[in-house]
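S.K.: Just dropping this structure here.
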Amino acid sequence: MSLQTQLEVLKEETLLKINQSDDLKTLNQIRVETLGKKGPITEVLRGMKDLSAEERPVVGSFANEIRDQLNQAIEERKEVLEAEAMNASLAQETIDVTLPGEQMTRGTRHILSQVMEEIEDIFVGMGYQIVEGYEVESDHYNFERMNLPKDHPARDMQDTFYISDEILIRTHTSPVQARTMEKHDFSKGALRMISPGKVFRRDTDDATHSHQFHQIEGLVIDKNITMGDLKGTLEVVMKKMFGADRKIRLRPSYFPFTEPSVEVDVSCFKCGGKGCNVCKHTGWIEILGAGMVHPDVLKMSGIDPEEYTGFAFGLGPDRVAMLRYGVNDIRNFYQNDLRFLNQFKEQ
Ligand code: FA5
């Protein structure tokens with residue numbers, strides 16, 4: 001068979017393979033096998049050395065022509081296969097925009113955070129500043145500066161988690177009073193602050209007591225502040241929190257850091273005052289302690305009690321939330337049970 005005939009046969013066979021190839025990998029393989037250095041065309045061209053000088057250019061240009069034709073056929077087939085692959089992947093990746101979207105779960109603030117922020121807003125509206133305190137406190141600020149020296153029997157009122165002899169986790173937010181008083185510049189006006197935060201006590205947990213709970217401390221110091229200011233302020237705040245028809249009572253009490261001292265109770269949400277297991281059959285739930293700042297507490301913070309007087313209070317927002325929403329066990333707030341918490345989703 002002449003070289004031209006061999007090339008002609010090779011061309012026909014290769015064109016057939018090219019047109020039958022149905023993926024890019026096979027097509028590339030055909031190209032390498034036919035047109036590569038070890039392929040049959042190169043092989044035929046090598047045999048040209050045996051040809052006469054007249055025949056050589058004729059066969060050479062014929063071989064080049066066939067190589068060009070095959071290359072072109074491969075390129076054309078490649079375009080067809082690439083278009084087919086693109087169409088197939090487009091068909092596969094089609095998005096059905098009518099399918100329902102994935103449901104996103106939306107977080108919400110904890111009910112206690114919601115109640116605390118609401119109380120903060122009431123006080124901010126009355127000109128109070130918000131001050132942050134420390135959860136890890138010193139015995140000095142938690143007790144001594146609150147008129148509770150080391151051997152004071154009233155320390156038993158707040159069973160304490162000590163970290164060392166001098167360091168503890170605070171049992172109330174009252175240490176923020178001392179920290180704020182000693183820094184306040186009275187030449188710039190009265191001190192009016194609240195301080196919300198977590199407190200800790202070695203209380204036995206029950207329906208109304210938790211070993212970790214929250215308090216919002218309040219403190220007002222100025223010239224001529226009286227018990228009337230305290231009572232008036234608490235009445236306004238309680239009405240805003242619970243509505244005008246809920247009953248409130250002030251009871252004489254004792255705190256070493258206030259004189260005189262009171263406790264404020266709100267009528268029980270569950271029994272309405274008749275007595276039940278939630279209010280321990282008293283009809284009332286205690287939500288805050290308060291009083292006129294003790295002159296010794298003022299003195300220890302460098303304030304002259306002859307010139308300035310003040311009132312302070314410590315409110316329990318956990319109890320406020322219980323009263324508000326009829327939650328009959330404080331422990332629900334701390335167990336992170338979503339079935340409970342989801343009832344208080346913000347809108
Ligand atoms: C105090 O802690 C005083 N520091 C409050 C105070 C501040 C009085 C300033 C005077 C001036 P008491 O221990 O009563 O007081 O706590 C205050 C409020 O915290 C209580 O009325 C109650 O609402 C809440 N509370 C107390 N113990 C618990 C507890 N174990 N669990 C949940 N709430 C509690």
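The values are calculated or read from the model by the stated rules, or taken from the named source; none is laboratory data. Everything quoted here is computed from the prediction, not taken from an experiment. Cβ placement follows ideal geometry from the backbone for every residue including glycine, while neighbour counts extend to all protein chains displayed. Quick note on the areas: whole protein, heavy atoms, side chains included, nothing else; ligands and nucleic acids left out. Shrake-Rupley method; radii C 1.70, N 1.55, O 1.52, S 1.80 Å.
S.K.: Is it the case that some residue within the stretch 203-220 is aromatic (Phe, Trp, Tyr), open to solvent by less than 50 Å² (accessible area, probe 1.4 Å) and in contact (Cβ under 8 Å) with a residue 12 or more places away in the chain?
M.R.: Kept after step one, since they are aromatic (Phe, Trp, Tyr), are these residues of the stretch 203-220: 213.
Next, from what is left, pick out any that are open to solvent by less than 50 Å² (accessible area, probe 1.4 Å): 213.
With in contact (Cβ under 8 Å) with a residue 12 or more places away in the chain added as a condition, the list becomes 213.
Within the stretch 203-220, one or more residues are aromatic (Phe, Trp, Tyr), open to solvent by less than 50 Å² (accessible area, probe 1.4 Å) and in contact (Cβ under 8 Å) with a residue 12 or more places away in the chain.
S.K.: Check Ser210 against each of (1) assigned to a loop (DSSP other than H, G, I, E, B); (2) modelled with pLDDT under 90; (3) in contact with a helix residue (DSSP H, G or I) (Cβ under 7 Å, 6 or more places away or on another chain) and name the one condition it does not meet.
M.R.: (2)
S.K.: Next question. Filter the stretch 108-156 down to residues that are assigned to a helix (DSSP H, G or I) and farther than 22 Å from Ala321 by Cβ, then give me how many there are.
M.R.: Adding up the residues that qualify gives 11.
S.K.: Checking Arg179 against (1) part of a loop (DSSP other than H, G, I, E, B); (2) within 24 Å of Asp139 (Cβ to Cβ); (3) at pLDDT 95 or above; (4) of a type outside the set (Asp, Glu), which test does it fail?
M.R.: All conditions are met except number (1).
S.K.: Suppose we keep only residues that are touching a Pro at 6+ places or on another chain (Cβ under 6 Å) and not aromatic (Phe, Trp, Tyr) within the stretch 129-173. Which one would you say is most open to solvent (accessible area, probe 1.4 Å)?
M.R.: Result: Asn147.
S.K.: May I pose another question? List the pairs whose first member sits in the stretch 332-346 and is at pLDDT below 95, whose second member is among the β-branched types (Val, Ile, Thr), and whose Cβ atoms are under 7 Å apart, counting only residues at least 6 apart or on separate chains?
M.R.: Leu341/Ile111; Phe344/Ile111; Lys345/Thr108; Glu346/Thr108
S.K.: Can you report the number of residues in the stretch 179-192 which are within 32 Å of the chain's Cα centre (by Cα) and either of a type in the set (Ser, Thr, Tyr) or within 12 Å of the ligand (Cβ to nearest atom) (or both)?
M.R.: 1
S.K.: Go through the stretch 160-178 and count every residue that is more than 11 Å from the ligand (Cβ to nearest atom) and either free of Cβ contacts under 8 Å to residues at least 40 places away in the same chain or aromatic (Phe, Trp, Tyr) (or both).
M.R.: Step one: list which residues in the stretch 160-178 are more than 11 Å from the ligand (Cβ to nearest atom), which gives 160-169, 178.
Still in the list and also either free of Cβ contacts under 8 Å to residues at least 40 places away in the same chain or aromatic (Phe, Trp, Tyr) (or both): 161-169.
Number of matching residues: 9.
S.K.: Taking only the stretch 103-138 into account, find how many residues are modelled with pLDDT of 95 or more, closer than 24 Å to Tyr334 by Cα and of a type in the set (Gly, Ala, Ser).
M.R.: Counting residues in the stretch 103-138 that are modelled with pLDDT of 95 or more, closer than 24 Å to Tyr334 by Cα and of a type in the set (Gly, Ala, Ser) gives 2.
S.K.: Can you tell me which of (1) touching a strand residue (DSSP E or B) at 6+ places or on another chain (Cβ under 8 Å); (2) farther than 20 Å from Asp296 by Cβ; (3) away from the ligand (no atom under 12 Å from the Cβ); (4) not aliphatic (A, V, I, L, M) is the one Gly125 doesn't meet?
M.R.: (1)
For every residue, the table says whether it meets (1) among the basic types (Lys, Arg); (2) buried (at least 20 other Cβ atoms within 10 Å of the Cβ); (3) in contact with a Phe, Trp or Tyr (Cβ under 7 Å, 6 or more places away or on another chain).
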residue	(1), (2), (3)
Arg251	yes, no, no
Phe255	no, yes, no
Asp296	no, no, no
Pro305	no, no, no
Phe311	no, yes, no
Val320	no, yes, no
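S.K.: Just one of Asn277, Asn328 is open to solvent by 40 Å² or more (accessible area, probe 1.4 Å), under 32 Å from the mean Cα position of the chain (by Cα) and in contact (Cβ under 8 Å) with a residue 24 or more places away in the chain; which is it? Steps first, please.
M.R.: Details: Asn277 fails: under 32 Å from the mean Cα position of the chain (by Cα).
The match here is Asn328.
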